[in-house]
Amino acid sequence: MVILMLIAAIFWVFYTDTIAPHAQKLQIEKDQKLQEQKKTMEENPIKDGIHVATGFAEGEGLEMVIATCTACHSAKLVTQNRATRESWEQMIRWMQKTQNLWDLGEQEEIILDYLAKYYAPENTGRRKLLTDIEWYELEEED
């Protein structure tokens, strides 16, 4: 029993001296980033459905995507790509595994919803089909 109490006391000291301050620091940094992004949103308006500063499409989750994605890379890296929800999730896992992207927690669903909606694959081909065209025949000259 004494050993268990000693182990618990050591863990508590380790936790309060090491883990808790680090977690608190991370939360403070996260809150500061969100505040900066809110300020950025106020300073950079949305015109014609596009966030002027980043080029992201206006929509639910925009602020979270700006705060998370542009913390590490340009918004262009997102806007130039199209992917399914599953592929966006695979990209996030790759970034977490190889690029030190943090665990997104509950924010991941918001980010994936946004990316899957506004940056999904488009099957438009080279151009849209021409419609309402009045065709005429060329006559051969003799």
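Points to keep in mind about this one:
- Filtered residues of segment 78-112 (kept if of a type in the set (Phe, Trp, Tyr) and over 23 Å from His51 (Cα atoms)): Trp94, Trp102
- Selected residue (criterion: surrounded by the most Cβ atoms within 10 Å (Cβ to Cβ)) from residues of segment 107-142 that are in contact (Cβ under 8 Å) with a residue 12 or more places away in the chain and part of a loop (DSSP other than H, G, I, E, B): Tyr119
- A residue that is in a helix (DSSP H, G or I), of a type in the set (S, T, N, Q) and out of contact with any Ser or Thr (no Cβ under 8 Å at 6 or more places or on another chain) occurs nowhere in segment 71-78.
- Count - residues of segment 78-135 that are aliphatic (A, V, I, L, M) and within 12 Å of the chain's Cα centre (by Cα): 11
- Any chance Thr54 is part of a loop (DSSP other than H, G, I, E, B) and among the β-branched types (Val, Ile, Thr): yes
FYI, it's all coordinate maths here, none of it is from the lab. On a predicted model such as this, the values are computed, not experimentally measured, just so you know. Cβ sites come from the backbone with ideal geometry, for glycine too, and all protein chains shown count toward neighbours.
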